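Reviewing the structure listed below.
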Amino acid sequence: MLEINNIVTGYGDMKVLDGITLSVAEGETVALVGSNGAGKTTLLRAISGLIPVWSGNITFNGQDTTKLPAHELPALGIAHIPQGRGVLAQVSVYDNLLLGAYIPSAKSRREESLKEVFKIFPILEEKKTHLGGSLSGGQQQMLAIGRALMSHPKLMILDEPSLGLAPIVVDSVFKIIKDISAQGVSILLIEQNLVEALAVSSRGYVLETGRIALQGKSADLFNNDAVRAAYLGL
Amino acid sequence: MGTGIFLQTTLNGLMIGGVYALVAVGLTLIFGVMKIVNFAQGEFVMLGMYISWMLAHFAGIGPYEGLAISAVIMFLIGYLVFRLLIVRVIGKKDEEFILLTLGLSIFLQNAILMIFSADYLTVTSSMKDSALSFADLTLTLPRIIAFSVALTAVAVLTFLLQKTDTGRAMRACAESREIATVLGINPMRSFTLAFCIGIALAGIAGVLLTPMFYVYPGVGTLFNTTAFVVVVLGGMGSVPGALLGGLIIGIVESLTGSYVSLDLSQLGTFVIFLIVLFFRPSGLFGKRT
């Protein structure tokens, strides 16, 4: 479904990604792990068109999206939840959710989508008139995921969903990610939390200074000595 | 002086404050959504006045009858200015839009001076001298119309921003261009619309002012200063702030003009401005950061 072929990109003159090849199949959950500064967020931003790709290409469901403007990607079925959750702080919870269904294909079934999201996250219905910025970290993450669901995505891209959340909230976020995956949505997930990330995914990539250092089944990565030494201190 | 004069002065100020609010709402909308301060906002008020004069002079259409036509023409002028000029400075350093819009302000003043000369022009309306009286109070019809139309325009804009998808998209862009983009919103579309609406509001204000003010190339500078004071007073980017700020400044200016001296009417404005900023540095409705 998502094919990334040897892409190189960066900021200004600084090269951050140096030839990344990666794929996500239909219905698959893929984890992308690596230390700070490895280029994980940059890769997600390149996929979403937020930064231009210097060379290589990206295709989604067979369509070359490398040069498409970023705002045209959601209509193809890509929902990107940026780092820091991307909740609009000055906009109400309700309007945040409606904005999730801004693309024409989602707008027509906005009301039923809203009902579904409120069923998964009752707290959002309770707080629908509150400003996005007034929610707690965990509630903001629910809002970000709920807003992404409003667009009925084929691929959901999550940039560190557990960042800054209490451990008990992290567990429920990963449970939700599992549920979304069970509905057939493909997921590409960045995480610092290696244990959770590899538990929820079927395959994983380890990114090191702009290159893929390792890839394979999540279970194999989890048992890989180098990975355990580098990321789990074992 | 008695309470009658006080009330009359306050009411006159309130009416004209509605027009200040309209100019400022346009300015604050452009700033809020695009993070660009349009230093030529007053010149677009001036253009609105000249369009109104031309409609009256060449086509015999009075300012109020031609209000919708003038608004549409101003919207299109806004579109042209956006596509030709503003689009080049979006997302760039602040100096770029400052130089561009200041330059545009000087250009518009001088272009109009070249075409129409520095003569003071007037637009008359059959309603110009009509007035409504209530007890001791008298309000001229142009003031009442200006106030009502200005408030209606602000109400329509507020509805657009709060209750429509187009408005939600503009608010999303105002907060974060990047978040808006990943939701499938084309920021350039929101920017274009915000700018054109902002310019159309300045133009409508200009039309509403023509029966009360002389039309001349430099008239916009009067409104530039006031509009900036109103926007900062209300809180940069806040539409309700600009509305309240406009009404306050209108009243203060009118009272200072009556009770202190007509020459000093702007003094009161700045005194209030400084007092408010002393206690609320980010303005009445500003977001504290």
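The values are calculated or read from the model by the stated rules, or taken from the named source; none is laboratory data. Please read these numbers as outputs of a predicted model, since none were measured by experiment. Because the Cβ atoms are built from the backbone with ideal geometry, glycine has one as well, and the counts that use them run over all protein chains shown. Surface areas here come from the heavy atoms of the whole protein model, side chains and all, with no ligands, DNA or RNA. Shrake-Rupley method; radii C 1.70, N 1.55, O 1.52, S 1.80 Å.
Computed quantities for the displayed model
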{"read-out": "Residue satisfying all of: in the range B:182-191; in a helix (DSSP H, G or I) and either free of Cβ contacts under 8 Å to residues at least 60 places away in the same chain or in contact with a Gly (Cβ under 7 Å, 6 or more places away or on another chain) (or both); farthest from the other protein chains (Cβ to nearest Cβ) among these", "value": "B:189"}
{"read-out": "Lone unmet requirement of (1) assigned to a helix (DSSP H, G or I); (2) farther than 30 Å from residue B:286 by Cβ; (3) open to solvent by 30 Å² or more (accessible area, probe 1.4 Å) for residue B:99", "value": "(2)"}
{"read-out": "Filter result for the condition that a residue is touching a strand residue (DSSP E or B) at 6+ places or on another chain (Cβ under 7 Å), in contact (Cβ under 8 Å) with a residue 60 or more places away in the chain and closer than 24 Å to residue B:266 by Cα, over B:215, B:207, B:231", "value": "B:215"}
{"read-out": "Residue check, residue B:179 part of a helix (DSSP H, G or I), at the interface with chain A (Cβ under 7 Å from one of its Cβ atoms) and surrounded by 19 or more Cβ atoms within 10 Å (Cβ to Cβ)", "value": "yes"}
{"read-out": "Flag if residue A:2 is under 19 Å from residue B:178 (Cβ atoms), in the same structural domain as residue A:157 (by TED's automatic domain parsing) and not β-branched (Val, Ile, Thr)", "value": "no"}
{"read-out": "Filter result for the condition that a residue is open to solvent by less than 10 Å² (accessible area, probe 1.4 Å), modelled with pLDDT of 95 or more, more than 14 Å from chain A (Cβ to nearest Cβ) and under 11 Å from the mean Cα position of the chain (by Cα), over B:194, B:205", "value": "B:205"}
{"read-out": "Candidate set: the range A:103-135, residues that are aliphatic (A, V, I, L, M) and more than 14 Å from residue A:149 (Cβ to Cβ); chosen: the one nearest to the chain's Cα centre (by Cα)", "value": "A:135"}
{"read-out": "Considering residues of the range B:110-140 that are closer than 19 Å to residue B:219 by Cβ and of a type in the set (Val, Ile, Thr) only, the residue surrounded by the fewest Cβ atoms within 10 Å (Cβ to Cβ)", "value": "B:115"}
{"read-out": "Test: residue in the range A:139-159 that is over 23 Å from residue A:199 (Cα atoms) and of a type in the set (A, V, I, L, M, F, W, C)", "value": "yes"}
{"read-out": "Filtered residue count, the range A:90-102, keeping only those that are modelled with pLDDT of 95 or more, open to solvent by 10 Å² or more (accessible area, probe 1.4 Å) and either in contact with a Phe, Trp or Tyr (Cβ under 9 Å, 6 or more places away or on another chain) or at the interface with chain B (Cβ under 7 Å from one of its Cβ atoms) (or both)", "value": "2"}
{"read-out": "Pairs with Cβ under 6 Å, 6+ apart, first in the range A:170-196 and under 23 Å from residue A:26 (Cβ atoms), second modelled with pLDDT under 90 and open to solvent by 30 Å² or more (accessible area, probe 1.4 Å)", "value": "A:174/A:196"}
{"read-out": "Candidate set from the range A:57-79 (those that are open to solvent by 20 Å² or more (accessible area, probe 1.4 Å) and facing chain B (nearest Cβ under 7 Å)); member that is nearest to residue A:104 (Cα to Cα)", "value": "A:75"}
{"read-out": "Condition check for residue A:46: within 30 Å of residue B:171 (Cβ to Cβ), open to solvent by 40 Å² or more (accessible area, probe 1.4 Å) and either within 12 Å of chain B (Cβ to nearest Cβ) or outside any loop (DSSP other than H, G, I, E, B) (or both)", "value": "no"}
{"read-out": "Total residues in the range B:253-289, condition of a type outside the set (S, T, N, Q), over 27 Å from residue B:5 (Cα atoms) and surrounded by fewer than 13 Cβ atoms within 10 Å (Cβ to Cβ)", "value": "4"}
